[in-house]
1. Per-residue accessible area for A:R60 at 1.4 Å probe radius, Å² rounded to 10?
2. Between A:L80 and B:A90, what is the FRET efficiency for a Förster distance of 51 Å, r being their Cβ-Cβ separation, to the nearest 0.05?
3. Kirkwood Rh and Cα-based Rg: tell me the resulting Rg over Rh for segment B:87-175, rounded to two decimals.
4. Under the Karplus relation 6.51 cos²θ - 1.76 cosθ + 1.60, θ = phi - 60°, what is the ordered set of whole-Hz ³J(HN,Hα) values for segment B:273-278, x standing for Gly and Pro?
5. If I ignore ligands, DNA and RNA and count only protein heavy atoms, how much of B:H240 is accessible to a 1.4 Å probe, in Å² to the nearest 10?
6. Of the GluC sites (Glu not before Pro) in segment B:79-166, which ones lie in a loop per DSSP and count no more than 16 other C-beta atoms within 10 Å?
7. With a 1.4 Å probe and all protein chains in place, put A:L238, B:L78 in order of accessible area, largest first.
8. Between B:A262 and A:V88, with labels modelled 7 Å along Cα→Cβ, what's the label distance in nm to one decimal, could you check?
Amino acid sequence: MMSSLHRHPRVRLGLLLGPPILWLGVAYLGALAALFVTALWSQNSFTGVIEREWTLDSFRTLFTVEVYRTIALRTIGVALLVTLIDAVVAFPIALYMSKVARPGLRRFLLVAVLMPLWASYLVKAYAWRGMFAEGGLVSSMFEAVGLKSPGFGLTATVVTLAYLWLPYMILPIYAGLERLPDSLLEASADLGAKTPQTIRRVILPVVVPAMVAGSIFTFSLTLGDYIAVRIVGGTNQLLGNVVYDNVGAANNLPFAAAVATIPVVVMLGYLAAVRRTGAMESL
Amino acid sequence: MTSLGEQVTTQTPPDTAAAVSLRGLRKTFGEVAAVDGVDLDLAEGEFFSMLGPSGSGKTTVLRMIAGFEEPTAGRILLGGVDVTERPPYARDVNTVFQDYALFPHMSVLQNVEYGLRVKGVDRRSRRTRALEALETVRLEGFGDRRPSQLSGGQRQRVALARALVNRPKLLLLDEPLGALDLKLRREMQLELKALQRDVGITFVFVTHDQEEALTMSDRIAVFNGGRIEQLAGPAELYEHPASAFVAGFVGTSNLLEGDVAAAVLGTPGLFTVRPEKIDMHTRDAAAGPGSCTATGVVREVVYLGSATQAVVDLDAGGSLIVLQQNRSVQDQLAHRGAQVRLTWRREHTVEIGGSA
């Protein structure tokens with residue numbers, strides 16, 4: 001058996017790659033195809049039965065009913081904001097970890113960044129709910145300086161999501177900075193640049209691809225999220241909630257599928273845009 | 001030992017401050033003293049080399065002059081001004097790094113302009129000066145390329161241009177030729193030397209290659225264990241090594257010591273003879289007056305092209321390396337097991353002052 005496999009490298013390759021390719025093809029791309037096909041069907045509004053005839057009704061509803069347009073734009077806005085906050089917060093942390101901290105502290109910080117990923121999503125989201133709730137940490141801090149707490153809403157959603165996805169931004173930037181030789185920073189200082197100039201002219205340009213790589217995670221994870229907004233978002237809805245409600249309560253699978261294509265299309269556009277920055281090589 | 005060798009081209013008035021002065025410089029990493037008390041005075045316009053094996057502290061000294069490392073003790077003066085506490089960007093010093101450290105996201109021209117740009121020199125004059133600097137290192141027309149599109153030798157020139165465009169008082173070079181192949185390296189050695197003569201800037205050159213140091217330098221400091229073993233011009237260093245370490249590190253170590261020295265030279269002590277000063281004869285040849293002589297057996301022969309190197313085990317004990325120019329096609333003495341007599345002039349026996 002073994003020797004015949006040696007003599008037939010193609011058979012060996014087929015046996016090795018067959019199952020994973022089947023998995024990728026059927027379970028992954030197949031499901032995506034099924035999503036698009038379903039989006040082009042319709043639902044009998046009286047019986048609730050899916051009618052398998054080609055129609056653009058679901059997309060028409062999506063683009064003409066204003067509330068869906070608002071939700072789509074709101075979702076994209078939240079995703080952009082979360083990405084921006086993560087980039088701004090992650091950069092100094094990653095910079096400190098990779099270029100300033102001694103090896104021992106660096107390991108500790110790396111574990112500290114990774115640790116929240118081991119905890120349950122729900123636990124972390126509810127922790128923020130507790131903080132944003134009346135009498136919680138956030139509201140009491142706001143009240144202490146005489147401000148009104150933002151309470152549950154989009155602000156809380158953005159903060160919570162930015163917290164949840166922060167490690168996905170720190171790690172690529174950290175990896176990108178690790179690849180940046182220290183001698184470049186020394187050369188910059190040697191040529192007369194003060195630290196802010198070095199950051200702006202040497203570190204940031206080299207790190208931008210890594211940042212974009214991180215943003216792919218933060219952006220796409222936010223686009224698909226519907227739990228955090230349920231927990232801390234008050235009455236606000238994101239695209240994920242619309243999908244969830246239409247699959248569940250309304251049982252309108254074609255419309256849910258149509259809504260779900262929006263993040264996919266946005267993400268494809270985003271990936272096409274960032275491909276030019278060389279971020280794909282930083283993943 | 002601090003007097004300049006005869007090869008120094010630039011005249012330095014005696015009352016001006018030295019280009020660089022190091023006073024009792026020390027640097028410890030944990031328990032280890034990388035630099036253990038270095039005092040130096042470099043003259044304006046001098047080509048100065050710091051030579052030593054890896055871990056001898058030469059690079060650490062360079063990095064302290066540049067400001068990348070903070071000395072544990074001691075002072076650094078540039079042109080008489082104490083800069084020990086100053087950060088790298090506030091020192092009139094530029095460095096050519098071992099890995100060149102070119103900015104990968106900038107073009108060659110932008111790399112060269114960088115120093116002028118961060119100092120706020122206006123666009124037009126920084127462009128003019130950068131193009132001039134590229135011309136100096138013979139890289140006209142390469143300005144638009146990325147560093148990744150250049151060969152090792154070209155990158156090296158860019159790094160040089162990027163440093164020189166700032167017209168520093170002092171240029172530090174950290175084994176800049178280490179990554180180049182031998183032929184290119186020899187070319188660059190001569191080019192660097194010529195360039196230094198043209199621009200008149202003080203060069204501090206770190207290398208572990210003794211030949212490189214001898215070729216280019218006005219003076220050389222040989223480092224060992226964080227200290228300077230000897231500070232001298234190339235010829236002085238080669239002909240009169242101050243210690244067994246210097247004799248071994250600069251050139252081939254040919255030591256005669258103790259009983260062997262007593263048997264061959266008539267006095268015990270520590271002596272060295274350079275391999276090319278020794279002649280090899282048949283055993284029955286007579287040694288002339290004023291010559292030292294020793295008999296032995298050839299143990300090993302290495303053909304080097306222009307010369308042949310033989311290792312001769314002396315009858316008195318120990319061994320000597322002999323280097324003979326290959327003037328004739330064959331030399332019947334240069335084979336293993338040959339019985340030979342070695343002779344050299346008495347004045348070529350150099351007594352080593354330092355400890356063994």
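1. Accessible area of A:R60: about 130 Å².
2. 0.80
3. That ratio is 0.93, to two decimals.
4. 10, 6, x, 6, 8, 9
5. Rounded to the nearest 10, the figure is 100 Å².
6. B:E85, B:E140
7. Reading off the accessible areas and sorting them downward yields B:L78, A:L238.
8. Taking the simple label geometry, B:A262 and A:V88 are separated by 8.3 nm.
The values are calculated or read from the model by the stated rules, or taken from the named source; none is laboratory data. Computed from a predicted model, the values in this text were never measured in an experiment. All Cβ positions, even for glycine, are placed from backbone atoms using ideal geometry, and neighbour counts span all protein chains on display. For the accessible areas, the whole protein counts, side chains as well, though only heavy atoms, and no ligand, DNA or RNA atoms are used. Shrake-Rupley method; radii C 1.70, N 1.55, O 1.52, S 1.80 Å.
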